[in-house]
Amino acid sequence: MSDEENPWKWNEFVEIGNNIHNPQKMKGQVRILEAIRALEYAEQLLKNKFIPNLPIKDQQLYKNLLPKIAEYLDVREYFLIQHCKAGLDESLFDVSFSPKKSGIQTGFTCDVSNGTQSVRYYIKTHQYGPTEDNVKSIRPPDTKELFVYKLLHHIGIGPQAHFIIPSYGTKKTIYIATMDCHLVLLSNLTKDTADNNSLLQLDLISRILCLRDCATNSSNCGQVDGKAMIVDFRIEKQSLGYAKEDILDKFYEGNSEFHYTGLMEAAVKTANVVKKDIMKKSLQEWKLLESIERAKLEIDGLVKRCGGKLNFENDLQQYVQDLKKTVEVLMKA
């Protein structure tokens with residue numbers, strides 16, 4: 001590539017990067033093809049040492065746009081591999097993308113088709129990962145967050161989750177893809193459609209796992225076929241560890257810790273004898289200690305497979321030990 005082509009390739013790269021999330025300019029297969037073209041330009045510009053000689057602000061722009069462009073290809077490649085692992089014909093695979101409708105974390109919606117059926121996934125970055133307004137002050141993925149996604153799915157209270165490692169960008173980002181579970185949001189439930197036992201399960205599991213922005217956020221949880229479901233959350237940092245010796249008293253007490261309103265406020269006023277029965281049945285249904293160990297092994301395996309490709313905040317061992325102590329308190333009740 002001649003020196004004269006470098007500025008043109010750079011301008012094309014920037015235009016694609018700025019429009020990659022725009023559904024009016026990038027639709028269907030066009031987005032994939034344009035992303036491939038932009039990455040080819042990036043490799044050529046690096047090879048010609050054009051990028052390192054750009055002004056600092058343009059070098060930063062390059063670093064910001066590169067992962068935004070590559071993420072579509074990373075997601076497509078991940079689900080194509082899953083498709084082929086299932087023994088399906090590669091020619092039947094198709095994927096389409098659309099903008100994310102809410103939330104501050106960067107991401108999008110992805111529809112994956114195997115030729116006979118299509119499944120929707122919601123793609124986002126990890127908690128405290130890059131946002132549309134901030135790609136600098138980010139923290140590495142926390143293994144506890146990934147663990148909770150797996151655990152919630154194993155006990156039937158969370159959607160299936162996939163973790164996708166970006167091919168470009170920093171070592172501080174991972175994409176979380178959650179399968180559409182046809183959730184009826186808590187905000188859309190009524191006294192007639194809400195299941196009181198499911199609401200109490202949302203409260204109970206939030207206490208066990210130290211979750212916030214969950215049962216108190218009517219857009220992050222709800223019900224699927226009358227059963228409790230959590231699709232987003234935040235793990236609250238605990239200064240004295242995550243074990244909760246007083247969890248049963250707090251569960252009985254109800255609203256003092258979470259400041260519930262509406263349906264959740266009404267649910268936590270349920271009689272303690274009923275709450276205790278729901279708690280015992282839930283622990284038995286969830287097989288919680290077994291599920292905790294299963295989810296931990298999966299995340300340990302993920303960290304090992306990543307090698308040095310990704311940095312993690314990793315105090316999962318302590319978190320799991322404390323969770324088991326909390327569960328044992330409840331099992332003795």
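The values are calculated or read from the model by the stated rules, or taken from the named source; none is laboratory data. Quick caveat: nothing in here was measured; it's all calculated off a predicted structure. So basically every Cβ, Gly included, is an ideal-geometry build from the backbone, and we count neighbours across all protein chains shown. Accessible surface is based on the protein model in full, side chains and every heavy atom, while ligands, DNA and RNA are left aside. Shrake-Rupley method; radii C 1.70, N 1.55, O 1.52, S 1.80 Å.
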Pull up the DSSP beta bridges for the chain and report the antiparallel fraction as a percent, rounded to 5. 95
Per the helix-only calculation at 222 nm, which mean residue ellipticity applies to the chain, given -39500 (n - 2.57) for every DSSP H run of n ≥ 4 and division by its residues, nearest 500 deg cm²/dmol? -15000 deg cm²/dmol
Please calculate how many Å² of accessible area the chain carries per residue, with a 1.4 Å probe and no DNA, RNA or ligand atoms counted. 51
So ARG120 and THR193, fully extended at 0.36 nm per residue minus their Cα-Cα distance, gain in nm 23.8 nm
List, in order, the whole-Hz ³J(HN,Hα) value for each residue of the stretch 3-8 obtained from phi through the Karplus relation with A = 6.51, B = -1.76, C = 1.60 and θ = phi - 60°; use x for Gly and Pro. 4, 5, 7, 4, x, 5
With no solvent and one point on each alpha carbon, what is the Debye value of log10 I(q)/I(0) for the stretch 257-320 at q = 0.11, 0.21, 0.27 Å⁻¹? -0.50, -0.91, -1.10
Percent of accessible area on the chain owned by carbon and sulfur, 1.4 Å probe? 50
Put +1 on the Cβ of each Lys and Arg and -1 on the Cβ of each Asp and Glu in the chain; which of ILE292, SER198, LEU88 then has its Cα farthest toward the positive end of the dipole? ILE292
State to the nearest 20 debye the size of the charge dipole of the chain about its Cα centre, where the only charges are +1 on K and R beta carbons and -1 on D and E beta carbons. 500
Over the chain, what per residue volume does the convex hull of the Cα atoms give, in whole Å³? 157
Filter the cross-link list LYS172/LYS281; LYS124/LYS332; LYS244/LYS269 down to pairs whose alpha-carbon distance in this structure exceeds 28 Å. LYS172/LYS281; LYS124/LYS332
So for the pair ASP246, VAL274, with labels modelled 7 Å out along Cα→Cβ, what separation do we get in nm? 2.6
When the convex hull of its Cα atoms is projected in every direction, mean area for the stretch 195-294 (nm²): 6.6
Lys pairs under 19 Å by Cα in the stretch 1-109, provided they are eight or more residues apart or on distinct chains: 18
